[in-house]
């Protein structure tokens, strides 16, 4: 494909130079200075302005002077003209840039409108996945354990984790929450100072939790384990019977949704499955 681009110039102003003398014919105040504006073009469409150039011509002898040939009195006269009657560039020399800016504004506006429209469509009950709301609600229940805590799974898990966890993490500040749905168990943790553990070693915490649950569940009550671990601000580790996100920095918490049941486009979930907090 051939691209046509380069620079062009157009005259943008003509002005008289006063109190000047032509060196060639000695005529007084006979100069007319023409100012040209250079611009960059793409397929002959002006994109953006470049430099200006000035050429003076004597009306008596027709001698032309480039800007580098201007005498001090010509330069001084031009400076006065620039202050009182400046040579402003026409808007069309920047039309290409203006068109591009307008184009991107339109595209951006359409994108925002599209996102807003799609978010508005989620107000339809058929399009909402209620499991996300249930998970977010359960994540808010993660808390430090107290002596009177009724969540026996979390209490037992804390004792095991305190013994096994990687050194450097304050285990007393780890928050827990567990929930049962039939033979499925959801374990949620928040480790605010997990940043003290290198990302490549954070997945070891999942192994510790799985080993601890294996020891706690002596009756083999659970055959599906769902684990989500949050840092101070975001979920960093997720593991389910079929998926995991263990990069150790940002994890997709919604991989835990199957704990609440399998959603189907034909039969969407509208009620949270019966769950039992282990006591």
Requested in this report: List the number of the failed condition for residue 29; all other conditions in (1) at negative phi; (2) without any contact (Cβ under 8 Å) to a residue 24 or more places away in the chain; (3) more than 44 Å from the chain's Cα centre (by Cα) hold.
Outcome: (1)
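Can you tell me which residue is farthest from the chain's Cα centre (by Cα) among those in the stretch 80-94 that are assigned to a helix (DSSP H, G or I) and within 18 Å of residue 36 (Cβ to Cβ)? Give the steps one after another, and end with the answer.
Taking the stretch 80-94 and keeping what is assigned to a helix (DSSP H, G or I), we get 80-84, 91-94.
Subset that is within 18 Å of residue 36 (Cβ to Cβ): 81-82, 91-94.
Working: 81: 48, 82: 45, 91: 33, 92: 33, 93: 33, 94: 29 Å.
Here the residue is 81.
Each row is one residue, and each column tells you yes or no for (1) at pLDDT 90 or above; (2) more than 22 Å from residue 137 (Cα to Cα).
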{"site": "181", "(1), (2)": "yes, no"}
{"site": "219", "(1), (2)": "no, yes"}
{"site": "224", "(1), (2)": "yes, no"}
{"site": "254", "(1), (2)": "yes, no"}
{"site": "276", "(1), (2)": "no, no"}
Query - Tabulated pairs, the stretch 217-235, first touching a residue at least 40 places away in the same chain (Cβ under 8 Å) and outside the structural domain of residue 245 (by TED's automatic domain parsing), second exposed (fewer than 11 other Cβ atoms within 10 Å of the Cβ) and assigned to a loop (DSSP other than H, G, I, E, B), C-beta under 9 angstrom, 6+ apart or interchain - result: none
Query raised in the report: Which of the residues that make up the stretch 212-236 are surrounded by 16 or more Cβ atoms within 10 Å (Cβ to Cβ) and closer than 18 Å to residue 184 by Cβ?
Result: 212, 213, 216, 222, 225, 226, 227, 228, 229
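Please specify each residue of the stretch 192-206 satisfying the condition of being within 16 Å of residue 163 (Cβ to Cβ) and either modelled with pLDDT of 90 or more or in contact with a strand residue (DSSP E or B) (Cβ under 7 Å, 6 or more places away or on another chain) (or both). Give the derivation first.
Let us first name the residues in the stretch 192-206 that are within 16 Å of residue 163 (Cβ to Cβ), namely 204-205.
Within the stretch 192-206, just 205 meets the criteria.
Identify all residues within the stretch 57-79 that are part of a helix (DSSP H, G or I), out of contact with any strand residue (DSSP E or B) (no Cβ under 8 Å at 6 or more places or on another chain) and closer than 18 Å to residue 14 by Cβ; write none if there are none. Explain how you work it out, then say what you get.
The initial filter retains those residues of the stretch 57-79 that are part of a helix (DSSP H, G or I), namely 67-69, 72-79.
Among the residues that remain, those that are also out of contact with any strand residue (DSSP E or B) (no Cβ under 8 Å at 6 or more places or on another chain) are: 68-69, 72, 75-76, 79.
Matches in the stretch 57-79: 75, 79.
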**Report entry** Qualifying residues in the stretch 95-132 (those that are more than 25 Å from the chain's Cα centre (by Cα), modelled with pLDDT of 75 or more and part of a helix (DSSP H, G or I)) - the one nearest to residue 229 (Cα to Cα)
**Finding:** 131
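The values are calculated or read from the model by the stated rules, or taken from the named source; none is laboratory data. Quick caveat, the model's predicted, so the values are computed rather than measured. We place every Cβ from the backbone using ideal geometry, glycine too, and count neighbours over all the protein chains shown.
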